[in-house]
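Encoded as structure tokens, the structure appears first; notes follow it.
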Amino acid sequence: MRATIFSIKAAPRLDSHGKPTVQVEIATSDGTFAAIVLSGASKGDYEAIGLRDEDSKAFGGNGVLEAVRNVEEVIGPAIVSKAFDLAAGLKPIDDFMVKLDGTSDKSGR
């Protein structure tokens with residue numbers, strides 16, 4: 001049986017330092033899985049730039065509501081619509097996300 005993604009949901013969470021970050025839940029034909037994105041201080045060459053709300057009234061501009069909206073309204077539906085075969089690995093999904101982002105530095109802006 002082909003493993004596919006049925007839904008992708010996101011929610012704001014606080015990391016262990018009290019800094020806002022994003023939790024993503026993916027429902028697949030093999031089960032439901034969740035992960036929290038680390039909100040570290042450094043960024044490697046192949047990592048996306050963290051998207052912050054920049055609203056000084058919410059977490060000093062470090063809120064993640066825009067990032068959550070992007071997962072729920074743009075990224076999630078786009079990935080689900082492609083019906084990727086998860087058994088083929090994550091590279092096709094990674095490549096699709098880079099193309100969907102459309103920026104040279106993966107900033108999403």
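A few comments on the model shown:
- Among residues of region 67-85, those that are aliphatic (A, V, I, L, M) and surrounded by 17 or more Cβ atoms within 10 Å (Cβ to Cβ), counted: 5
- In this structure, VAL64 does not satisfy being at pLDDT below 85, touching a strand residue (DSSP E or B) at 6+ places or on another chain (Cβ under 8 Å), surrounded by 15 or more Cβ atoms within 10 Å (Cβ to Cβ) and not hydroxyl-bearing (Ser, Thr, Tyr).
- Taken over region 1-52, the criterion of being touching an Asp or Glu at 6+ places or on another chain (Cβ under 9 Å), surrounded by 14 or more Cβ atoms within 10 Å (Cβ to Cβ) and at pLDDT below 90 is satisfied by VAL37, SER39, ALA48, LEU51, ARG52.
The values are calculated or read from the model by the stated rules, or taken from the named source; none is laboratory data. The model shown is predicted, which means the values in this text are computed figures rather than measured ones. Positions of Cβ are backbone-derived with ideal geometry, glycine not excepted, and every protein chain shown enters the neighbour counts.
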